[in-house]
Amino acid sequence: MLKIYKILIMAFAFFLMPIMESHVYAQTEELVGSVKIEGNKRVDTSTLLFYIKTRKGEALSRKQIGKDIEKIYGLGQFKDIRVETRQGSEGLEVVFIVEEIPSIGNVMLYGNKEIEDGDIHEIIGFKRGEAFQAHMMTDAKEKINSLYNEKGFFFATVDVVSKISERNLMNIHVRVREGEKVGIKNLRFSGNKNFSDGDLSDQIETKAETWISFLDESGLYKKDTLKLDVFRLEGYYQDHGYIRVRVQDPKIDIDRESKEINISIPIDEGLQYRVGKVTSKEDDIVTEDEVLKALKMKMRDVYSISKLRTGVMNIGDLYSERGYAYADVNPITKINESSRTVDVNIEVDRGRKVYVGEITVIGNTRTLDNVIRREFRLKEGELFDSVKLKRSKQRINNLQFFEDVKIDTRRGKEPDLVEIITTVTERQTGSINVGAGFSSNENLIFNAGISQNNFMGTGRRVVFSTNLSSRRSDYNLSLTDPRLFDTELSGGVDAFNTKTNYWSYMAKRTGGGIRIGKSLSEYDWLGINYNYADTEISDVKVATSHLKNENRTTSRISPSFIRDTRDNFMNPSSGSRHVVRLDLAGLGGTKFHKASYEGSHYWPIIGKLVGMVHGEIAWADGYADDSLPAFERYYMGGPKSLRGYQIRNVGPKDSLGNPLGGNQSLLLNLELQYPFTKGLRGFAFYDRGQLYGVGNDTSTTATTWDLAKMRDSIGAGVRFLSPFGPIGLAYGVKLDKATGEKDGEFHFSAGNSF
């Protein structure tokens, strides 16, 4: 509309200029006596006079007045501009008569309770002082309605009215009647013969309401999401060989009386197709066997578009690993209707070999560049390798300094160069936290801590924490540099002071240690720790050869080896972690040795479902006439071992039933994990384990390995990725409950899982 105004005004102005020249101005050589502005309410007169170049004392010019009109109009604040000349006291007056476009004034909201004012202001985008346009009212109404629909308020009504003020400000009044929230009651499919409703429902984001819908807003009808779900369903069928599938437009039924939505999705499945001939042209870079192996499609396999797509990417990686970053892998498919097969022929244009050009890091305002760059497996000038590039992204993610990490490539300034652009979104890496909780074992628990995992942007970690309860008081200080002097060496120091009241005794420990480690390869790490501690054992309930009131000093060296191939340290879905550790004590004080192995493996099962198996085996004993101290024995039971049992309550016990711990430990954990949301993961588990050593109750314990006396539990729980780290809630049930034991245990945990 503004453009139309402008055209009309300018045309009218230039049309009148000859008339104004001869009739209004009277004579072309007449001098301007004064320049005035009329009609402006908001725009200051001095502002307008600044842009007008018609000046007092100069000859009146039609051409200049035309330019002045255009300049004023270009400010975007006026819908009409006229020019008149009058005889005044100072001579010829040139008067610019303007009609302002109203500007947006105040935007007032009424009736919105479920949606914050800020969210509504953001979506309508009104800015005080900007030019008001009539369509803004309709646009705002539609946007607010859409916002309420996204939140499930389908019966919400929105009225947007305007009222102009004396200063030509248009005040906007938005009145909302929200109504009741409407959720998806039923989600059904029709025409599906080869897949159940449950199978299809797992493939889409639109869901019917459940008891956990309040956590992740599932069960809401979102028009755009449902449109995408149609493509997701077609993709699912095409990945199972139904290449002619047609998913029709969903049928939406909104019941205004029951405040419910019913959705039905019609499907025409078609017939299933399988893989026919698979061929490829061999070259001197990648063999045909390598191509076909990477493709992972064989004759008579069910034809899958996503499998073909993945195979093409794998083939591209084969070339990219060898420096051909821009290799073009083209799958040629031929459908044979009679045999219901699809022939696949792979054609590759490898292009030219490329090298790494400039590596750019964007978005790091706190983290130093070198902290990110040192995680890159590629260096500038090296032959490009896509596998190393993927690993670089994985390593940067595992720093846990960033909410998001994106790595893009683009052609460099030279045809044989590829530039790498890394964009990071930083998260808060420091925290001050104070909390309290309750445990059946420790009653009221108070904890506090200060941590910074990226101190001064250097990647160094500083942690101080304390935990206080009726049974324990822990104070810990830890300093870690994961890259000493920007090398592959890591180092750290620790100090601690703890006091714990166990069932059988009281233990006070004070000490510290130093750590150093080195990365051996991409996934392997070797470390060695030195630890010194003074320990006082008191208030022993039942004295035994393994447990008595005493003071012990321990000085130990602990070498360890770690191999970690997990795709994500916080929420892994594939890969494994293996830890071998030795403890050699005897440089001073008590003499003992310990050895342990711990392993975890993760693998995707179907969809988002992840399987996990974790196992531990450990052995310890004293030597040179020293016994293994009670505080160095192994204990089992609780959120990170046998979850159907009380903390530290499995294994050998004294005559009063208090745990003594064991010098041998065996543990197996199985889990099925499912992410409900990005930060919330549910899991079901089976645990089996036991401690071995001397104890009073020989019915459930043994002095040496005895698989027949292992304990079992099953259960379920949830883990939540909070700003302070993972938090877990779980309930385990004993499968072999003994006389006098409870059926199960509820556990709360903080920190990483297995």
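The residues of the stretch 612-636 that are touching a residue at least 60 places away in the same chain (Cβ under 8 Å) and in a loop (DSSP other than H, G, I, E, B), listed by number, are Ser627, Leu628, Pro629, Arg633. Only a single item in (1) assigned to a loop (DSSP other than H, G, I, E, B); (2) without any contact (Cβ under 8 Å) to a residue 24 or more places away in the chain is not met by Thr365, and it is number (2). Pairs are defined by a Cβ separation below 6 Å, a sequence spacing of at least 6 or placement on different chains, a first member in the stretch 109-132 that is within 17 Å of Met170 (Cα to Cα), and a second member that is in a loop (DSSP other than H, G, I, E, B) and not aromatic (Phe, Trp, Tyr); the pairs so defined are Ala131/Gly76; Ala131/Ile101; Phe132/Pro102.
The rows are residues; the columns are (1) surrounded by fewer than 17 Cβ atoms within 10 Å (Cβ to Cβ); (2) in the same structural domain as Ala630 (by TED's automatic domain parsing); (3) of a type in the set (Lys, Arg).
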{"residue": "Arg461", "(1), (2), (3)": "no, no, yes"}
{"residue": "Phe464", "(1), (2), (3)": "yes, no, no"}
{"residue": "Leu468", "(1), (2), (3)": "no, no, no"}
{"residue": "Tyr475", "(1), (2), (3)": "yes, no, no"}
{"residue": "Thr487", "(1), (2), (3)": "yes, no, no"}
{"residue": "Gly492", "(1), (2), (3)": "no, no, no"}
{"residue": "Ser504", "(1), (2), (3)": "no, yes, no"}
{"residue": "Gly512", "(1), (2), (3)": "yes, yes, no"}
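Taken over the stretch 656-699, the residue count meeting the criterion of being assigned to a loop (DSSP other than H, G, I, E, B) and either under 23 Å from Ala595 (Cβ atoms) or modelled with pLDDT of 85 or more (or both) is 7. Restricting attention to the stretch 52-74, which residues are without any contact (Cβ under 8 Å) to a residue 40 or more places away in the chain, farther than 15 Å from Lys36 by Cβ and either part of a helix (DSSP H, G or I) or acidic (Asp, Glu) (or both)? Answer for the stretch 52-74, where residues must be without any contact (Cβ under 8 Å) to a residue 40 or more places away in the chain, farther than 15 Å from Lys36 by Cβ and either part of a helix (DSSP H, G or I) or acidic (Asp, Glu) (or both): Glu58, Lys63, Gln64, Lys67, Lys71.
Consider the stretch 497-531 and keep the residues that are among the aromatic types (Phe, Trp, Tyr) and under 18 Å from Arg581 (Cβ atoms). The one that is nearest to the chain's Cα centre (by Cα) is Tyr523.
Conditions (1) farther than 30 Å from Gln272 by Cα; (2) assigned to a loop (DSSP other than H, G, I, E, B), marked per residue:
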residue	(1), (2)
Ile335	no, no
Val356	yes, no
Ile372	yes, no
Arg377	yes, yes
Lys413	yes, yes
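In this structure, does Lys296 turn out to be closer than 27 Å to Phe195 by Cα, out of contact with any helix residue (DSSP H, G or I) (no Cβ under 6 Å at 6 or more places or on another chain) and at pLDDT below 95? No, not satisfied.
Beta carbons closer than 8 Å, at least 6 apart along the sequence or on distinct chains, pair a first residue in the stretch 140-156 that is touching a residue at least 24 places away in the same chain (Cβ under 8 Å) with a second that is hydrophobic (A, V, I, L, M, F, W, C) and surrounded by fewer than 16 Cβ atoms within 10 Å (Cβ to Cβ) for Ile144/Ile123; Leu147/Ile123; Phe154/Ile254. Restricting attention to the stretch 315-342, the residues being acidic (Asp, Glu) and either in contact with a helix residue (DSSP H, G or I) (Cβ under 7 Å, 6 or more places away or on another chain) or surrounded by 16 or more Cβ atoms within 10 Å (Cβ to Cβ) (or both) number 2. Just checking, does the stretch 88-97 include any residue being within 32 Å of the chain's Cα centre (by Cα), surrounded by 15 or more Cβ atoms within 10 Å (Cβ to Cβ) and at pLDDT 90 or above? No, the conditions are met nowhere in the stretch 88-97.
Across the stretch 152-164, which residue is nearest to Gly76 (Cα to Cα) among those that are surrounded by 14 or more Cβ atoms within 10 Å (Cβ to Cβ) and either of a type in the set (Phe, Trp, Tyr) or out of contact with any Lys or Arg (no Cβ under 7 Å at 6 or more places or on another chain) (or both)? The extreme case among them is Ser162. Only residues in the stretch 255-277 that are without any contact (Cβ under 8 Å) to a residue 60 or more places away in the chain count as the first member; pair them with residues that are of a type outside the set (Ser, Thr, Tyr) and in a loop (DSSP other than H, G, I, E, B), Cβ under 7 angstrom, at least 6 apart or cross-chain, and list the lot. What qualifies is Gly270/Arg244; Gly270/Val245.
Taking the stretch 379-401 as the region of interest, how many residues are aliphatic (A, V, I, L, M) and assigned to a helix (DSSP H, G or I)? So that I can check it myself, show each step before the final result.
The initial filter retains those residues of the stretch 379-401 that are aliphatic (A, V, I, L, M), namely 383, 387, 389, 396, 399.
Those left that are additionally assigned to a helix (DSSP H, G or I): 387, 389, 396.
Matching residues across the stretch 379-401 total 3.
Is it the case, given these coordinates, that Asp621 is more than 21 Å from Gly732 (Cβ to Cβ) and among the charged types (D, E, K, R)? Considered against the rule, which asks whether it is more than 21 Å from Gly732 (Cβ to Cβ) and among the charged types (D, E, K, R), Asp621 comes out as yes.
The values are calculated or read from the model by the stated rules, or taken from the named source; none is laboratory data. Keep in mind the model is a prediction, meaning the values are calculated, not measured. Don't worry about glycine lacking a Cβ; one is built from the backbone with ideal geometry, like all the others, and counts go over all protein chains shown.
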